[in-house]
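Some notes on the structure that comes next.
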Amino acid sequence: MSSNRQKSLELYERAVSVIPAGVYGHTSPAATLPIAFPYYAESAEGCTFTDVDGNRYIDFMCAYGPILLGYNHPEIEAAAREEKARGGLYNHPAKVMVELAELLTERIDFADWAVFGKNGSDMTTWALQVARQHTGRKKVLTVKGAYHGVDAWTNPSPGGVIEEDRLHIHHFSWNDLSSFEQQVNRYPGEIAAVMLTPFHHPAFAANVLPGEGFFEGIQKICNANDILIILDDIRCGFRLHEAGSHKRFPIEPDMSCYCKALGNGYPISATVGKDHLQAAAGKVFLTGSYWSDAVSMATAKRCVELVAELNIPEKLNTLGKRLITGLEEAAANAGLKVTGHEPYAMPYLTFEDDPDLRKMQRFSEICANEGVIFHPHHNWFISAAHTTEAIDDAIEIASKAFQAVASEFNS
Ligand code: PMP
């Protein structure tokens, strides 16, 4: 296959006159690969999607994370249909909201309560407010380069943001405990919370796991200074561990935020927290037009059940390891040195001597043209619908891409 992008480009041309930037945010062609990646999707099934030009791809982005069990998963779709047949959105929450909160608080060890929203940003912003409400403190620490959503206090783009929006947000460096300690010492008694991701997954760079002693050190300092720990498990949640990613990379959060994989493609996010925050949580107004939508809650309930029943994190780890090992071997056969980055359920790859990611971009471009989506600038996602055959097919296509990269960059 060598992909044709005619209809994608036609739609994009129409879009730029009615939609600012045509395609915006992380799916913008500027953030991916202009022309090489399709701009519009038509349908999806299992571990593949088809674009508007009819090109089919083995997909290692999973809609940037929400697709955990596979696109159009029969049990998730059945849960959605069943709930929708009764209605879906009412003046009041539905029974399933209580059932989902019960399930999450049973599943996640430290969680005594749960609330729901639609997007990850809804939850990181709300959790930050709960931390301020509880502690009476203003300041929040986050890791330099970490993404926590689009709200002004954390949006990585400066567009429309004023200085005051970030006045009380301070940064430290991943895996650098002394930079964390320095901030804590700089603002004694003023820091409400630290927000962390389970591992560092910046865009345009490799994954970095928590180093030895990093989370333990943070935990100790937070305990000693009454600083709350908020785990932003929005991207990783239910991929790394069925009971939350703090079980894979140990830390004890006071609150955790979930979103992407929670509803396997249905719009829902959640924050869970410890009992001692319940009063503060009740005081931070939380609502949205669609936030009590029962359909997404029903899909989340079924998805969380299936994650444990089918041992999904273990399955993703095995499949991801097969992919990364296969890619490393294929690259070596082409005379290239690449490094595969864990966790295998959300892997990424870097080329040696590729500071501006040109090799990575060329590799991803060739793969996309041949029917495999490997993002050049963002961690990838494995789903439970990736079969070993699909992974081996992807490695075969990647082998040809490595050969091409080797010959182009050596000449
Ligand atoms: N935190 C993390 C770690 C994320 O990856 C994202 C989404 N990429 C968010 C927060 C924000 O979630 P959303 O885009 O659903 O608002």
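For the peptides 122-128, 329-335, what is the packing order when you average, over each peptide's residues, the other Cβ atoms within 10 Å and list the highest mean first?
122-128, 329-335
About its Cα centre, what dipole magnitude does segment 74-309 give when the only charges are +1 on Lys and Arg Cβ and -1 on Asp and Glu Cβ, stated in debye to the nearest 20? Mind showing how you got there, number by number?
Working: 23 positive and 29 negative charges, 77 e Å.
That gives a dipole near 360 debye.
How much solvent-accessible surface does LYS95 expose, in Å² to the nearest 10, with a 1.4 Å probe and all protein chains in place?
150 Å²
When the helix-only estimate is applied to the chain (DSSP H runs of n ≥ 4, each -39,500 (n - 2.57), divided by the residue count), what is the mean residue ellipticity at 222 nm, nearest 500 deg cm²/dmol?
Numbers: 11 runs with 156 residues, N = 411.
So the helix-based figure for the chain works out to -12500 deg cm²/dmol.
Can you run phi through the Karplus equation (6.51, -1.76, 1.60; θ = phi - 60°) for segment 258-263 and list ³J(HN,Hα) in whole Hz, with x for Gly and Pro?
10, 7, 2, 7, 4, x
Once you've got the GNM for the chain with C-alpha springs shorter than 10 Å, pick whichever of LEU103, LEU349, LEU68 has the biggest mean-square fluctuation.
LEU103
Run the reach check for LYS138 against aspartates and glutamates, Cα to Cα strictly under 20 Å, same-chain hits fewer than 8 apart removed. What comes back?
ASP122, ASP151, GLU163, GLU164, ASP165, GLU181, GLU190, ASP226, ASP232, ASP254
Which lysines, on any chain, are close to LYS337 with Cα under 20 Å apart, when same-chain ones fewer than 8 places away are left out?
Excluding near neighbours in sequence, the set is LYS321, LYS359, LYS400.
Among ALA401, ALA243, ALA85, whose mean-square fluctuation peaks in a Gaussian network model of the chain (Cα, cutoff 10 Å)?
Among ALA401, ALA243, ALA85, the largest GNM mean-square fluctuation belongs to ALA85.
Dipole magnitude of the chain about its Cα centre, charges +1 at Lys/Arg Cβ and -1 at Asp/Glu Cβ only, in debye to the nearest 20?
Dipole magnitude for the chain comes out near 720 debye.
Ranked from the most accessible area to the least, with a 1.4 Å probe and all protein chains present, what is the order of LYS337, LYS118?
These residues rank, largest area first, as LYS337, LYS118.
For the chain, with all protein chains present and a 1.4 Å probe, just round the carbon and sulfur fraction of the accessible area to a whole percent.
Carbon and sulfur together cover 50 percent of it.
Residues of the chain: accessible area per residue at 1.4 Å, in Å²?
With the other protein chains kept in place, the chain gives 44 Å² per residue.
Test of understanding: in a Gaussian network model of the chain with alpha carbons linked when under 10 Å, which of ALA114, ALA41, ALA192 would top the mean-square fluctuation ranking?
In the Gaussian network model the winner is ALA41.
Looking at segment 74-309, send over the antiparallel percent of its DSSP beta bridges, to the nearest 5.
40 percent
Taking the chain on its own, what percent of its Cα-Cα pair distances exceed 36 Å?
Working: 22190 of 84255 pairs.
Of the Cα pairs, 26 percent sit more than 36 Å apart.
Using a 1.4 angstrom probe and counting only protein chains, how large is the accessible area of ARG302 in Å², to 10?
Probe radius 1.4 Å; accessible area of ARG302 about 50 Å².
Report the antiparallel proportion of the DSSP beta bridges in the chain as a percent, rounded to a multiple of 5.
Working: 22 of 39 bridges.
Antiparallel bridges make up about 55 percent of those DSSP assigns within the chain.
The values are calculated or read from the model by the stated rules, or taken from the named source; none is laboratory data. The shown structure was predicted, so the numbers you read here are calculated from the model rather than taken from an experiment. Reconstructed Cβ throughout: ideal geometry from the backbone, glycine too, with neighbour counts over all protein chains shown. When the accessible area is computed, the model is the full protein with side chains, heavy atoms only, and any ligands, DNA or RNA have been set aside. Shrake-Rupley method; radii C 1.70, N 1.55, O 1.52, S 1.80 Å.
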